[in-house]
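The values are calculated or read from the model by the stated rules, or taken from the named source; none is laboratory data. None of the values given here were measured: they were computed from a predicted structure. FYI the Cβ positions are ideal-geometry reconstructions off the backbone, even for glycines, and counts take in every protein chain you see. Heavy atoms of the whole protein, side chains included, go into the accessibility calculation; ligands, DNA and RNA do not. Shrake-Rupley method; radii C 1.70, N 1.55, O 1.52, S 1.80 Å.
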Amino acid sequence: QRYCQDVYRGQLASVHSAARNQELQKLAQTYNIISPWIGAVTSCRAGQWESYWEDSSPWNYANWAPTHPVHIVTTCTTLNIRNGLWRSHLCFQLRPFICQY
């Protein structure tokens, strides 16, 4: 997120519809970007696990793979380019990412 902000003056992509999810999936496929980060984070807040967008936009769409998101530690989210499903991963992993402006 910080890199998107500092270098590109953007945010990690937030996804609010199936159409947008498919658009980002196709974009990543075009550039052969395997499982890029998007802007969803899952963490425990006030004793409840919840997912939210880094850009503070409303949480009104999700496309999680089965058994995701993981509710053990705070995780960030990748978009699978083969099927468009989201998976949670430890946030410190270096991966490609999709910024939005």
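How much length would be gained if the chain were fully extended between SER56 and HIS89, taking 0.36 nm per residue of separation minus their Cα-Cα distance, in nm to one decimal?
That works out to 9.9 nm of additional length.
Which percent of the accessible area of the chain is formed by carbon and sulfur heavy atoms (probe 1.4 angstrom)? That fraction is 53 percent.
Within the chain, the cysteines lacking any other cysteine Cβ closer than 4.7 Å to their own Cβ are CYS44.
On a C-alpha basis, how far is the centre of the stretch 1-40 from the centre of the stretch 46-62 in Å? Whole number, if you could? Centre-to-centre (Cα) distance: 16 Å.
Solvent-accessible area per residue in the chain equals 59 Å², computed with a 1.4 angstrom probe and all protein chains kept.
What label, among [x] 16, 52, 29, 3, 0; [y] 14, 36, 32, 15, 2, 0; [z] 9, 12, 12, 13, 17, 14, 10, 8, 4, 1, belongs to P(r) over Cα pairs in 10 Å bins from 0, in percent computed from the structure on display? Calculated P(r) over Cα pairs in 10 Å bins from 0, in percent: the matching label is [x].
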